[in-house]
Each structure stands twice: as structure tokens, then as C-alpha cells.
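J.: I'd like to ask you about the structure that follows.
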Amino acid sequence: MPDPADLSNSYTDTSFVSPWNAVPAAGTPLVVHDTTLRDGEQQAGIVFTPDEKLQIASALDEAGVNRIEAGMVAVSDDDRKAILSIVESGPRAEIWTIARSVSSDVQMAIDVGVNGVGIILLANSQYRMIFNLSLDEAIERAIRAAETARAAKLQTTLLLADAPRYPIDELRHVVEQIDLSGQFTAISLMDTFGTLNPAGTQRLIRQIREWTQIPLELHAHNDFGLATANSLAAFEAGASTIHTTVLGLGERVGNAALEEVAVAAALLEQASTSVHLNHLSAIAHLVSRHSNHPIATNKPIVGTRISEIESGTVAVEFARWSERGGDLQWLFPYVPELVGADQPTLVLGKYSGMANVDWALQSSQITFPQDRKAALLSEVKAEGIRLHRTLTTADFEAITRRLL
């Protein structure tokens, strides 16, 4: 645990986080495996065209994401064409796909020229009943599929679906058989139904590390709102690769959000990452447009209104601190430009104070009598209540004209 009195590692030119944070993985490289184009597209109602997939993949590549899961190779001809176009664009990032434990899927992955393939193992008790397979039959199918991929020089990750809910003896059997096969370059623990908490995530990673030295990955879902927290916990416990999606898109409630994982790992964990954080806002808006999925106004990192200040007390703090030339990271955990976001601004509404009004008058270049400002503030508050929102510049200027 760092010394909480020492701010040297928690205060930087762009951020100020708590010195109480434990950073056992400080300096450890974080590998980001983004699956927006596969699991993100599995969110109900989202469809990316091949051209949109190429645009998103290019943006992810330019942002420094390590691995891009470009789609599920067996879904459709369009998906295969999209994956091929991404491969042919010559990205710096590795391009991956996922495959069922069947040779035809793996051959399609080979044919489109990806760097790696995730091979799905559906072998928990409910899956075995659904697909009428024994545990060893399911494992053997995955190993045979991996053999085909490895013969073609592809990297192979075992996608261990619903890993956290396996009985421990069955989980150990799977891991040991996969280890013995020598056909997998990593195991991805897929929290398919988002059933882990951070402590459980660390216990799971550490237990599996006792059974194998194969690199471990985490694919977290967000059913309890813990996908990012679980991803950081997994990273601390030794999972070198974390799966993400832009905006946390994905099946049901979605996955760990790329923007949250990348920023939190860099600032709270002091991880070494190749992701350019200042690209995150632009990528979020690109994916939002193509997915027709609006960004929540208060979404962490990329929310559309997180830089707006309505509260009068906070507005006073911001205005006075800005006048002194104070560093913004004393009022925020990080400066907006770190993630490519807009600078903070004061807005007008029910909770506004005189600092907000002065800011608006200055911005609109309106000269207003000092002795009438209290009445102006009262009108601003009343209008905010009446409209159930913050005021636009036009709303504010209309009020000033009425009162002058």
C-alpha cells in the first residue's frame, strides 16, 4: 500500500487520483482485446455494415488498441468480407475472430487471414445438457479445432464460457486438459452472465494460476454493473489481457467499456498501456452513430454532459479556481483533454448560482446592472424549473431582454 501522505504517484500533469489506491500491477503491460465488432454488435438491435466495421476498426487501431475482434467468422458472408477488409487494410493491431469448436469455422478464420481465433468451449453443465455432450467430448472438440488453427500459425485463445459458475473440480479438469494439449496460447475466462464480484474475480484468477501458466484473459459482462471493476481486479491478479467494447455494448447489459478500462487502468492501476486515451471520446461518438446507441449524458469518461457544471457551489469553486489559474485536476480526477473531451463549462438551471449567471453574461457579452442580478438569477432558476432542463443561450438572452 502506498503512503497516503505521498502525492507523487497520484498527482500528475493531467490527473489527480487517490494516494490510497493499491497498485500491485503498476507498470505491468495491459493488453486490450476489443470486441465491439462482435460482442458489441450482439446487443439487440445493433448492426454494423462492413464499411462501418472498417471505420470502427481503423479508429480502434489508430487509438492503439492491441487486438481487435472483428466479428464472428461463421455469422454471415458480410461478416467474413468485413473481417477480410479489416485484415487487408494492414492494421498495426492484431485482428481476431471467434469460432465454434468445429473445423469449418476455424478454416474460415484461416481463410480471412486473421492473427488469432478464440475457440468457444461450451462445457458447463447447462451447456452439456443443451448440446448433448460430455465434458470430455466438448474439451476434445475444442482441442481439435485449436490444432487446425495452430497448424496454420494462428494464435488460439480458449473462450471458456460461463467459467465462474463451473464446479471447481470440472473447472480444474478443463484447465488441466487444455494445458496438456499444448494447443492454446491463452485461456479467456468468460464471465458470460456477469456473476463475479472483484474479490471473486481475483480468487478465480489466482486459483487457475495454480493449475496452469498459460496466459489468462478476462471477458467480463456487466449484469451487476461490475464489469470494469472485475476487469481491473483480474488485471491486478495476473490476467494480462482484458476484453472490452466501446461504450460497454454487448449481449444483454453489455461488457466492460473500453473507455473505462483504459483510463482506470492507466490512472488508478498505473498500468502500461498502448491505448491513446485522447482518442476515446471520438471513438465513442463514432460507435454511437453507427450503432444508433445514444451516449448517456453521465456516462463515465465519454458522457455527453459530464463537463457541464450547474450547481452554484461547484460553479463558484470552478470560477474562482480558474481565475487563479489552478490546475483542473484539483476539481476533477483528470483533465478533459486527456480523453479528448470538451473543456468544463458552466450552465444555467434550477441549481445555478451567481457564478453561473456571471459566466453566462460574460459569454454572451451582455452588460447587466449589478443591482438586478439577483432578480436575473431568480428568473433563471424559475425558467429551469418550468422547462425541466438547463437553459440554452437563447433562453438566457430572452430573460435578460425581459428584465432590462
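The values are calculated or read from the model by the stated rules, or taken from the named source; none is laboratory data. Since we're looking at a predicted model, the values are computed, not measured. Cβ sites come from the backbone with ideal geometry, for glycine too, and all protein chains shown count toward neighbours. Ligands, DNA and RNA are stripped out before the accessible areas are found, and what is left, the full protein with its side chains, is counted by its heavy atoms. Shrake-Rupley method; radii C 1.70, N 1.55, O 1.52, S 1.80 Å.
J.: Ordering 81, 381, 350, 53 by accessible area with a probe of 1.4 Å, largest first, what comes out?
T.: Largest accessible area first, the residues go 81, 350, 381, 53.
J.: Over all directions, what mean area does the Cα convex hull of region 186-234 project, stated in square nanometres?
T.: Working: hull surface 11.5 nm².
Over every viewing direction, the Cα hull of region 186-234 projects on average to 2.9 nm².
J.: Roughly to the nearest percent, how much of the accessible area of the chain is carbon and sulfur, given a 1.4 Å probe?
T.: Carbon and sulfur atoms account for 51 percent of the accessible area of the chain.
J.: Going by Cα centres, region 248-296 and region 324-390 are how many Å apart?
T.: Taking the Cα centre of region 324-390 as reference, the centre of region 248-296 is 28 Å away.
J.: Hey, of (1) 23; (2) 19; (3) 35, which did the structure itself give for percent of Cα pairs over 36 Å apart when calculated?
T.: (3)
J.: Now for a different question. How much accessible area per residue does the chain have, in Å², with a 1.4 Å probe?
T.: 45 Å²
J.: Below 15 angstrom from the Cβ of residue 262, what's the summed charge of the other residues (Lys, Arg +1; Asp, Glu -1)?
T.: -4
J.: Note down the net charge around residue 119, summing +1 for each Lys or Arg and -1 for each Asp or Glu among other residues with Cβ under 11 Å from its Cβ. Walk me through the numbers on the way to the answer.
T.: Working: positive: 100, 141, 144, 150; negative: 105, 147.
Local net charge: +2.
J.: Right, next: Test of the criteria: in region 193-291, which trypsin sites (Lys or Arg not before Pro) are in a DSSP loop and have at most 16 other Cβ atoms within 10 angstrom of their Cβ?
T.: Filter output for region 193-291: 252.
J.: Which value, in debye to the nearest 20, gives the size of the charge dipole of the chain about its Cα centre, when Lys and Arg are +1 and Asp and Glu are -1 at the Cβ?
T.: 740 debye
J.: Testing the spin-label approximation: label points 7 Å from Cα along Cα→Cβ at residue 199 and residue 276. State their distance in nm.
T.: Going from the residue 199 label point to the residue 276 one covers 4.2 nm.
J.: Counting only the heavy atoms of the protein chains, how much of residue 201 is accessible to a 1.4 Å probe, in Å² to the nearest 10?
T.: 0 Å²
J.: Counting only chymotrypsin sites (Phe, Trp or Tyr not before Pro) that sit in a DSSP loop (anything but H, G, I, E, B) with at most 16 other Cβ atoms within 10 Å, what is the longest stretch of the chain containing none of them?
T.: 225-404
J.: For residue 28, what accessible area in Å² do you get when you roll a 1.4 Å probe over the heavy atoms of the protein chains, rounding to the nearest 10?
T.: Taking all protein chains as shown, residue 28 has close to 60 Å².
J.: Which of 348, 334, 245 sits closest to the plus end of the dipole of the chain, meaning its Cα is farthest towards the positive end, when Lys and Arg get +1 and Asp and Glu get -1 on the C-beta?
T.: The listed residue farthest towards the positive side: 348.
J.: Taking the Cβ of residue 136 as the center, what net charge do the other residues with Cβ under 13 Å away carry, scoring Lys and Arg +1 and Asp and Glu -1? Before the final figure, lay out each step's value.
T.: On the way: positive: 128, 141, 144; negative: 137, 140, 170, 176.
Local charge sum for residue 136: -1.
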